[in-house]
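Here is the structure we will look at, set down as structure tokens.
Just so you know, all these numbers are worked out from the coordinates, no wet-lab data involved. Because the structure is predicted, anything quoted here is derived from the model rather than measured. Using ideal geometry, Cβ is built from the backbone for each residue, glycine included, and neighbour counts are taken over all protein chains shown.
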Amino acid sequence: MLSNSLWLEQELGWTGLLIEPDITSYTALLAKHRRAWTSNTCLSHTGLTKGSVHVSLTLPPGLRAQRWYMKGSSYQLGVTMKTHRYDSFLKSGEKSFYLVNCFPLLTYLRALNVTQIDVLSLDTQGSEMDIIKTIPWAEVRVRVVVVEIVTSKLGSQFTEYMKRLGFVLVAHFNDYVFVQEGDAALTRLHSQAGWQLVVLNPTEEEPTITAKD
């Protein structure tokens, strides 16, 4: 559900690296036999290897919602979205805590001997900007960046920062899509008749949680 990478594997034959710190979600990930490297760890938002506490969320008894709403909102303790849109939703979840190892993005890339990322998809519930700032741009080329951003204010800040790095915003909903200026993919996009920035404003409503019948 809502995977940014599964279609690329199934339809285009891509492979890559999937990083998932939540043990329940990671177990489900393994069961899908993905065409990619996987790691039950987290991306460091400081650029340093460290241990961290992961907060895993589940629905409390008596309530129901889309399973991925709650599980997909699991987060690193002390680093999470703080917006009116999700605050009460996150507080409603039952929490379990466990230690997880976090590594800089460059550590994973060196282990895989990778210097170019075609698509970097980040959804870390609040630490995306800090993770972007750890990337050594002289060593790593990133063609496309897809980032979950849930408020227009943060989206504007992120867009300005990515612009300084040489990226162009080409679309956004909850996910913002940036393409490196001068990349062949951006050239092809601009050459399409009627091309324009795609902006789909997400709803400001919280995910729905209701009592079970």
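What the table shows:
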{"read-out": "Under 13 Å from the T49 label point (7 Å along Cα→beta-carbon), backbone N, the range 94-111", "value": "101-111"}
{"read-out": "Ranking of S74, S191 by count of other Cβ atoms within 10 Å, fewest first", "value": "S191, S74"}
{"read-out": "Average projected area [Cα convex hull, the range 6-205], square nanometres", "value": "12.4"}
{"read-out": "At R0 = 45 Å, FRET efficiency that the Cβ-Cβ distance of S96 and Q196 yields, to 0.05", "value": "0.50"}
{"read-out": "Cut-off under 5 Å, modelled amide H: who pairs with D175 long-range", "value": "I149"}
{"read-out": "Charge dipole magnitude, Cβ of K and R +1, D and E -1 - the range 6-205, Cα centre, debye nearest 20", "value": "260"}
{"read-out": "The range 6-205 - percent relative contact order, Cα under 8 Å, separation 6 or more", "value": "16"}
{"read-out": "Long-range HN-HN contacts of Q76 with modeled amide H, under 5 Å", "value": "V55"}
{"read-out": "When each of K32/K133; K50/K95; K133/K153; K50/K91 is checked by Cα-Cα distance, pairs over 30 Å", "value": "K32/K133"}
{"read-out": "Vicinal HN-Hα couplings computed from phi for the range 24-37 (Karplus, 6.51 cos²θ - 1.76 cosθ + 1.60; Hz; Gly/Pro x)", "value": "5, 5, 5, 4, 5, 4, 4, 5, 8, 6, 5, 8, 7, 5"}
{"read-out": "Difference of contour (0.36 nm per residue) and Cα-Cα distance, R35 to L77", "value": "12.1 nm"}
{"read-out": "Cut-off under 5 Å, modelled amide H: who pairs with L18 long-range", "value": "W37, T38, S39"}
